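Novice: Provided herewith is a single structure, encoded as structure tokens, for subsequent inquiry.
The values are calculated or read from the model by the stated rules, or taken from the named source; none is laboratory data. Please read these numbers as outputs of a predicted model, since none were measured by experiment. With ideal geometry, Cβ positions are generated from the backbone for all residues, glycine too; neighbour counts draw on all protein chains shown. Surface areas here come from the heavy atoms of the whole protein model, side chains and all, with no ligands, DNA or RNA. Shrake-Rupley method; radii C 1.70, N 1.55, O 1.52, S 1.80 Å.
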Amino acid sequence: MSEPQAPSTAASRLALWQRGGGIIVPVLTAMLAFLIGGLLVLATGHNPIQAYWDIIKGAGLNWLAHPTNTDVANTAAYNFSQTLLQTTPLILTGLAVAFAFRCGMFNIGGNGQYLVGLYVANWVGISFVNMTRPAHILLAVAGAAAAGAIWAGIAGFLKATTGAHEVITTIMLNWIAYWIGSYIFQQGGPLQGAANKPLDIPISGDVAQSAKLPVFWGDADLQCLHIGFFVAIGALVVFWLILNRTTLGYEVKAVGYNPDAAAYGGIKVRTNYVRAMAISGAFAGLAGGLDMLGYLYHFGTTDVQASSIGFLGIAVALLGRNTALGVGLAAFLFGGLLYGTTHGLQSGTIDPSLAGHLTEMIQGLVVLFVGADVLILAVWNSRRKLKRRQRTPDRAPEPEAASP
């Protein structure tokens, strides 16, 4: 019997190597990233333990000790609700990266897909004001997901038809989405709010009340946790079901593992490239739509420039090993970091300039060490193979057959 064909794509080799690491490797990866982050804090002359405790309180994780107090007048309860609010789009942008990766592709365009979904949700939310609330919300959410799917589908289509690498095309599509946002919200732009035009403010109008997502936790007059959080949790379930319980998921994973073998088995590789990218983009576009309808309500040119939630989804997917449970936990970790460093380090525990970039540093360290974990596992596997060869005695060469 012939041996199974080795995986031929970088994504499949990464998945194969990482399966040997189980859950221990990502946990150690995160711990190492936080350790080095703590050393950086220590190098500035501050106490890293106190800094991380402030981040924990800033993220509201101390609320877990008193979960019955759900009054957002309580600082811990409010902070925890805001951490979950940050976690919601991170789950979806993480899934956008993870799903494409399962098909052997690197979706670097989550931020652009997030933005186009947000633009469409803003436009739909401002328009169609005579619709009923459920219909208006559904139309805006569906439009956002469709916009993200189309935007990512362009990269999938280009890969399927011309072989253009998705890393290049998704990066370029990020820039196109960026400049579209700069145009539509600028002075005189098509989505600039009517009340903002006389004041030369490059910000859109607010979405109608009928398009705003219902509040789950908090005060509607403040930034509060909306039902989009449960949509994100549902997306984790959908992601798992598609990959593990459907023919589509089987084909996606087969293409990601070895496209040549998948094609030999009758799977349409090009079709799956387009479908996988479209589904990935739908996740990211949905994230943009939920943020717009859930708590942002308006957007401006400076917001477009500052948006980076889609890029953080890359770290979420890598740390979560492109699994549903892993992505959910990694998104919660980074959501706590985002809000905790913003609101937990304002008391001067560490230098303000460092506090503002601690999340980015830990994010970069996570990505670095995820790559390092692949290298370590590869070296370890090669070391084991070398030891096996050394234990196996060399066979003596067989004598050549005598010539007649």
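Novice: Exactly one condition in (1) open to solvent by 70 Å² or more (accessible area, probe 1.4 Å); (2) touching a strand residue (DSSP E or B) at 6+ places or on another chain (Cβ under 8 Å) is not met by LEU225; state its number.
Specialist: Evaluating LEU225 over (1) open to solvent by 70 Å² or more (accessible area, probe 1.4 Å); (2) touching a strand residue (DSSP E or B) at 6+ places or on another chain (Cβ under 8 Å) leaves (1) as the failure.
Novice: On to the next question. Output the helices (runs of 4 or more DSSP H) that fall wholly within region 243-357 and possess 3 or more residues being at pLDDT 90 or above, or say none.
Specialist: Details: elements: 247-257, 259-264, 269-291, 301-306, 309-319, 324-343, 352-355.
Ranges flagged: 247-257, 259-264, 269-291, 301-306, 309-319, 324-343.
Novice: Looking at region 210-220, is at least one residue under 26 Å from the mean Cα position of the chain (by Cα), within 21 Å of GLN86 (Cβ to Cβ) and open to solvent by 80 Å² or more (accessible area, probe 1.4 Å)? Spell out the reasoning first.
Specialist: Looking only at region 210-220, we keep the residues that are under 26 Å from the mean Cα position of the chain (by Cα), and these are 211-218.
Now restrict to residues that are within 21 Å of GLN86 (Cβ to Cβ): 212-218.
Retained after the next criterion (residues that are open to solvent by 80 Å² or more (accessible area, probe 1.4 Å)): 216.
Scanning region 210-220, I find at least one residue that is under 26 Å from the mean Cα position of the chain (by Cα), within 21 Å of GLN86 (Cβ to Cβ) and open to solvent by 80 Å² or more (accessible area, probe 1.4 Å), so the answer is yes.
Novice: Being in a helix (DSSP H, G or I) and of a type in the set (S, T, N, Q) is the filter; apply it to region 33-83 and report the residue that is most open to solvent (accessible area, probe 1.4 Å).
Specialist: Residues of region 33-83 that are in a helix (DSSP H, G or I), as a first pass: 33-43, 48-58, 61-65, 75-83.
Next, from what is left, pick out any that are of a type in the set (S, T, N, Q): 50, 62, 75, 79, 81-83.
Numbers: GLN50: 80, ASN62: 55, THR75: 96, ASN79: 17, SER81: 1, GLN82: 2, THR83: 0 Å².
Top of the filtered list is THR75.
Novice: On the given criteria, is ALA121 in contact (Cβ under 8 Å) with a residue 60 or more places away in the chain and buried (at least 21 other Cβ atoms within 10 Å of the Cβ)? Explain how you work it out, then say what you get.
Specialist: Details: in contact (Cβ under 8 Å) with a residue 60 or more places away in the chain: yes; buried (at least 21 other Cβ atoms within 10 Å of the Cβ): yes.
In short, yes.
Novice: Mind checking which pairs have a first residue in region 132-151 that is over 18 Å from ILE180 (Cβ atoms) and a second that is hydroxyl-bearing (Ser, Thr, Tyr) and part of a helix (DSSP H, G or I), Cβ under 6 Å, 6 or more apart or different chains?
Specialist: Note: pairs meeting the criteria are ARG133/SER210; HIS136/SER210.
Novice: Scan region 273-295 for residues that are within 23 Å of ALA194 (Cα to Cα) and open to solvent by less than 40 Å² (accessible area, probe 1.4 Å) and jot them down. Break it down into steps so the answer makes sense when it comes.
Specialist: So the first thing to find is which residues in region 273-295 are within 23 Å of ALA194 (Cα to Cα), and the list is 288-289, 291-295.
Correct list: GLY288, GLY289, ASP291, MET292, LEU293, GLY294.
Novice: Still on this structure: Looking at (1) modelled with pLDDT of 95 or more; (2) open to solvent by 20 Å² or more (accessible area, probe 1.4 Å); (3) over 18 Å from the mean Cα position of the chain (by Cα), which is the one condition that is false for ILE203?
Specialist: (1)
Novice: Still on this model: For the subset of region 84-118 comprising residues that are of a type in the set (Val, Ile, Thr) and closer than 20 Å to LEU173 by Cα, which member is surrounded by the most Cβ atoms within 10 Å (Cβ to Cβ)? Walk me through how you get there before you give the answer.
Specialist: Keep residues of region 84-118 that are of a type in the set (Val, Ile, Thr), which gives 87-88, 91, 93, 97, 108, 116.
Filter again for closer than 20 Å to LEU173 by Cα, leaving 93, 97, 108, 116.
Numbers: THR93: 32, VAL97: 29, ILE108: 22, VAL116: 28.
The selected residue is THR93.
Novice: Are there helices (runs of 4 or more DSSP H) fully within region 97-210 with at least 1 residues that are in contact with a Lys or Arg (Cβ under 6 Å, 6 or more places away or on another chain)? List them. I'd like the intermediate steps shown before the answer.
Specialist: Details: elements: 110-126, 133-162, 166-184.
Counting at least 1 such residues, we get 133-162, 166-184.
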